[in-house]
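Peer 1: Dropping the structure in here first, questions after.
Each value in this text was obtained by applying a stated rule to the coordinates, not by laboratory testing. Computed from a predicted structure; not experimentally measured. Every residue, glycine among them, receives a Cβ derived from its backbone with ideal geometry; neighbour counts consider all protein chains shown.
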Amino acid sequence: MKEEKIMLQKLQEKFSYFTKRFSNSLNKTEQRFLKESCYGIISSQSCIVRRTAQSLGEKIASKKTQERLIYHLDKSDLNNRLSQTLLQKQSGKLKQDSLIIVDPSDIVKKYAEKMEGISKVRDGNDGKWKSGYDALDIVGVNQEGNDISIIPMYSQLHSKVIDVDTMKNTLFDRIVDIIVYSNNQGVFVFDRGFDDRKVIKELHAHEASYIIRMKNNRDVYFHDKKQNIDELARSTKLRYRFKLPDEATISAGMCPIEIPLNSHPVKKPTLTKAVLVVAKIKSNRKDSSIRSGLFYFLCKTNRDELPKREIVRFVLDAYRLRWKIEEVHRQVKTDYGWERIQLQTYCRLQNMNTVLWIAISFLYSLDRWKYQLSKVFSHIMTEKKKLIELECFIYYRLANVLRYCFNRISLYRKITYHKCKSEFLQLRVSWF
């Protein structure tokens, strides 16, 4: 019980310090709103305002607490201030080999009718078009040996009905922000949906490192000769072999190419140098679900001094870790009811979405505490009481620990002595 009490106090202090980092862009009432909202989201594991307000346990009517939270959610400039501060603070954690994973997501509101700006989005689960909102999410990944830490950096809802700017232009703005805030650290990782000349041109304009999985209909230049990417990939020698744990083998190779940056076909295109990495997976198991075939990656990294084999290994490992953002999406929807958000105006939805990702950022900052927390809260963190359980995606268990702890602690309040606020009361000397 004593160790649990000490850990509760440490979490209380860490949470207070974490929310204080946003104080430069917020006034005092907004700072209180952010702290209470994140506390309510974590303790209730919900982004519904009513449940968030109830979890605060205030001595006033829950309706009054909801009205206070809604008042701040109605501020049109709050989303930009919070998201920029979060992006700046999280970008400072990036290193040279950090991965910056960009991936669109969706919030499906199948039965919603009165939510502002709702439109048709493609559901990533079944591929069908349903009512909802698109979301642009960016997550950082740091890897040190076998330890992988995830850094939620940015999340922005997008409505095709309300937003004038496209989601791609929003991405370009965020790329510039990350480059500025991180001093051009990290490597951007994209899936096939971002195999676009505009995206490639924007990355090259800012000298950013990137890895993009390519489509098979792309034309590139090899030795000043225009060639289809699929034909070039099949002629590339797969010199390197890498074994996977599930009895599969990856054969891979690389070759230098040039990419046209013009938005439309021209006789003399503007070309830029890049690297093509080709990979093929082969499984020795008959019951394996691994898909065979060639995979193409367009790359520009800051690891040119390394041997070619190590560059290929880095690219393959980086794309394998791209799945981490999918796991983050799944946890936010599972543990915090991302798709059950209930707010009618688009401004409130955007603000609550950003506050939710700030709360998630605090949760993911506790990954270095997993061994200390498992020692104190072993009944929550481990099932078989083995440390090997902590090497998987640990954030589901951390979310349960935080909920348990936050339901047993209270927010820090400013304590006054005899209703005196202007005096320094730690030491007071009276003269007679």
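Peer 1: Would you calculate a helix-derived [θ] at 222 nm for the chain, using -39,500 (n - 2.57) for each DSSP H run of n ≥ 4 and dividing by the full residue count, to the nearest 500? Can you show the working numbers first?
Peer 2: Values: 14 runs with 168 residues, N = 432.
Value at 222 nm, helices only: -12000 deg cm²/dmol.
Peer 1: Quick check on my link table: of Lys300/Lys370; Lys273/Lys324; Lys128/Lys160; Lys2/Lys59; Lys95/Lys333, which ones sit more than 24 Å apart, alpha carbon to alpha carbon?
Peer 2: Exceeds cut-off: Lys300/Lys370; Lys273/Lys324; Lys2/Lys59; Lys95/Lys333.
Peer 1: Across the range 1-116, what fraction of all alpha-carbon pairs, as a whole percent, falls in each successive 5 Å bin from zero upward?
Peer 2: 2, 9, 14, 17, 20, 18, 11, 6, 3, 1, 0
Peer 1: May I pose another question? Rule-of-thumb check for the range 80-326: C-alpha Rg over 2.2 N^0.38 Å?
Peer 2: Its radius of gyration relative to the 2.2 N^0.38 Å reference: 1.07.
Peer 1: List the lysines whose Cα lies under 20 Å from the Cα of Lys243, skipping any in the same chain that are fewer than 8 positions away.
Peer 2: Those lysines meeting the cut-off are Lys280, Lys282, Lys286, Lys308.
Peer 1: Specify the residue with the greatest mean-square fluctuation among Thr301, Thr345, Thr270, computed from a Gaussian network of the chain linking alpha-carbon atoms under 10 Å apart.
Peer 2: Thr270
Peer 1: When the distances between all Cα atoms of the range 35-185 are binned every 10 Å from zero, what whole-number percent does each bin get?
Peer 2: Per 10 Å bin, starting at zero, the Cα-Cα P(r) for the range 35-185 comes out as 10, 29, 35, 22, 4, 0 percent.
Peer 1: What aspartates and glutamates could a cross-link reach from Lys64, if we take a straight Cα to Cα line under 15 Å and drop same-chain neighbours fewer than 8 places away?
Peer 2: Answer for Lys64, where 15 Å is the Cα cut-off: Glu36, listed by chain and number.
Peer 1: Would you compute, for the Cα atoms of the range 183-242, the largest minus smallest coordinate along each principal axis and list the three values in descending order, in whole Å?
Peer 2: Largest first, the range 183-242 extends 38, 30, 23 Å along its Cα principal axes.
Peer 1: Hey, another quick one. Once the Cα atoms of helix 346-364 and of the chain are each reduced to a long axis, what angle between those two axes, in degrees from 0 to 90 to the nearest 10, is obtained?
Peer 2: 90
Peer 1: Could you go through the range 84-91 in sequence order and give the Karplus-derived ³J(HN,Hα) for each residue, using 6.51 cos²θ - 1.76 cosθ + 1.60 with θ = phi - 60°, rounded to whole Hz, and x for Gly and Pro?
Peer 2: In residue order, the calculated couplings are 5, 5, 4, 5, 5, 5, 6, 5 Hz.
Peer 1: Scan around Ser119 for amide H atoms under 5 Å from its own, H built in the peptide plane at 1.01 Å from N, and keep only partners 5 or more places away or cross-chain.
Peer 2: Correct list: Gly132.
Peer 1: Taking every DSSP beta bridge with both residues inside the range 80-326, roughly what % is antiparallel (nearest 5)?
Peer 2: If I count the DSSP bridges inside the range 80-326, around 90 percent turn out antiparallel.
Peer 1: Another question about this same structure. Pull up all non-local amide H partners of Val189: gap of 5 or more, or a different chain, and H-to-H distance under 5 Å with H placed in the peptide plane.
Peer 2: The list, which skips near neighbours in sequence, is Ile100, Ile101, Val102, Ile211.
Peer 1: What order, most packed first, do the peptides 184-192, 227-235 have when packing is the mean number of other Cβ atoms within 10 Å of each residue?
Peer 2: 184-192, 227-235
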